[in-house]
Amino acid sequence: MARALKARGYAPSRILCSTARRTLQTAEAVLKAAPAPIAYLESLYLAPPGRLMALAQDAADDDAALMIVGHNPGLEQCAAILARAPVRPRQQHRQDAMEEKFPTAALAVLDFDIVRWKQLSPSAGYLVDFVRPRDL
């Protein structure tokens, strides 16, 4: 997944990572492919969608590409809440794949038309990409 992140040109400007062993291992692999400042947060462990959104809303506005390495079901639910309804078939395909199965190490990439992270709200994002390990 780290190689896919790099190959697709996704470069986080900051990573927020749970302190659980598996998320630390995931973050280490990501950092090798896409170095970025990282914050390890105990509050990400099994965080519900509201907490994930609040952490993102508190991000510095100069962090243009925020990555959260955490746990389901919170991450899956948060991505679904933030992604607006798809308009095109390709967008619908990504949305369907995300709703079908959001497995360990999956990557959901959302783009937001906001100026400040404080403006983050439900349905504010466009699901740009969704990649599962089995898709590679």
I'd like to know if the range 10-33 contains one or more residues that are under 14 Å from the mean Cα position of the chain (by Cα), of a type in the set (S, T, Y), in a loop (DSSP other than H, G, I, E, B) and surrounded by 14 or more Cβ atoms within 10 Å (Cβ to Cβ).
yes
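Okay, residues lined up against (1) modelled with pLDDT under 95; (2) surrounded by 13 or more Cβ atoms within 10 Å (Cβ to Cβ); (3) in a strand (DSSP E or B); (4) among the hydroxyl-bearing types (S, T, Y):
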{"site": "A47", "(1), (2), (3), (4)": "no, yes, no, no"}
{"site": "R51", "(1), (2), (3), (4)": "no, yes, no, no"}
{"site": "C78", "(1), (2), (3), (4)": "no, yes, no, no"}
{"site": "S121", "(1), (2), (3), (4)": "no, yes, no, yes"}
{"site": "Y126", "(1), (2), (3), (4)": "yes, yes, yes, yes"}
Single residue of L52, L24, L82, L66 found to be touching a Cys at 6+ places or on another chain (Cβ under 9 Å), among the aliphatic types (A, V, I, L, M) and over 21 Å from P133 (Cβ atoms):
L52
Any chance the range 109-117 includes a residue that's surrounded by 13 or more Cβ atoms within 10 Å (Cβ to Cβ), part of a loop (DSSP other than H, G, I, E, B) and out of contact with any helix residue (DSSP H, G or I) (no Cβ under 6 Å at 6 or more places or on another chain)?
yes
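The values are calculated or read from the model by the stated rules, or taken from the named source; none is laboratory data. Since the structure is predicted, the reported quantities are computational estimates derived from the model, not experimental observations. Positions of Cβ are generated from backbone atoms using ideal geometry, with glycine treated the same way; all protein chains shown enter the neighbour counts.
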